[in-house]
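I have placed the structure first, in the form of structure tokens, so that the comments after it can refer back to it.
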Amino acid sequence: MTLVTAGVVVLDCAEPEKLAEFYKELLGARDVDAHVNRVEIRAADGFRLALRRDVNATAPSWPRPENSLQAHLEFVVDDLDTVERLIVGLGGRPMETGDTSGPTGERGYADPAGHSFTVRRGTSTAPKQG
């Protein structure tokens, strides 16, 4: 018998309402639950993301080694350039440009609150290097 019925990725941030707008536009998602300190959204494919208020939240410092990346979001896309324009237009910023020449090219970004995420084409089969 399965006891866990759903999983939700939760990001801490100072302004969950604003960050929810970024991810709703990026993912084509909608609000499913909103309270004073938390907004949860759901994308058409069922992916759930919650943004939780933490007035002391600070952006991760990745890729600096003294505060290495512990987790990040990853999104599969068809067109890296089109998605990059959307991300930047919504207030995100590029963090690194990976190898985009192959079928599984990927790029790293930070959302407006500084959380890192990756967009990639296809299915990645190689382990992260470094």
Failed condition for Glu84, given (1) open to solvent by 60 Å² or more (accessible area, probe 1.4 Å); (2) modelled with pLDDT of 90 or more, with all others met? (1)
Test for Pro103: is it at pLDDT 70 or above and either assigned to a loop (DSSP other than H, G, I, E, B) or open to solvent by 60 Å² or more (accessible area, probe 1.4 Å) (or both): no
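Here is a yes/no grid of residues against (1) touching a strand residue (DSSP E or B) at 6+ places or on another chain (Cβ under 6 Å); (2) at pLDDT below 95:
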residue: Phe22; (1), (2): no, no
residue: Glu25; (1), (2): no, no
residue: Gly28; (1), (2): no, no
residue: Asp54; (1), (2): yes, yes
residue: Ser61; (1), (2): no, yes
residue: Asp79; (1), (2): no, yes
residue: Gly91; (1), (2): no, no
Which ones in the stretch 2-52 are in a strand (DSSP E or B) and touching a Gly at 6+ places or on another chain (Cβ under 8 Å)? Arg48
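The values are calculated or read from the model by the stated rules, or taken from the named source; none is laboratory data. This is a predicted model, so every value here is computed, not measured. Neighbour counts run over all protein chains shown; Cβ positions are idealised from the backbone, glycine included. These area figures cover heavy atoms from the full protein model, side chains too; ligands, DNA and RNA do not enter into them. Shrake-Rupley method; radii C 1.70, N 1.55, O 1.52, S 1.80 Å.
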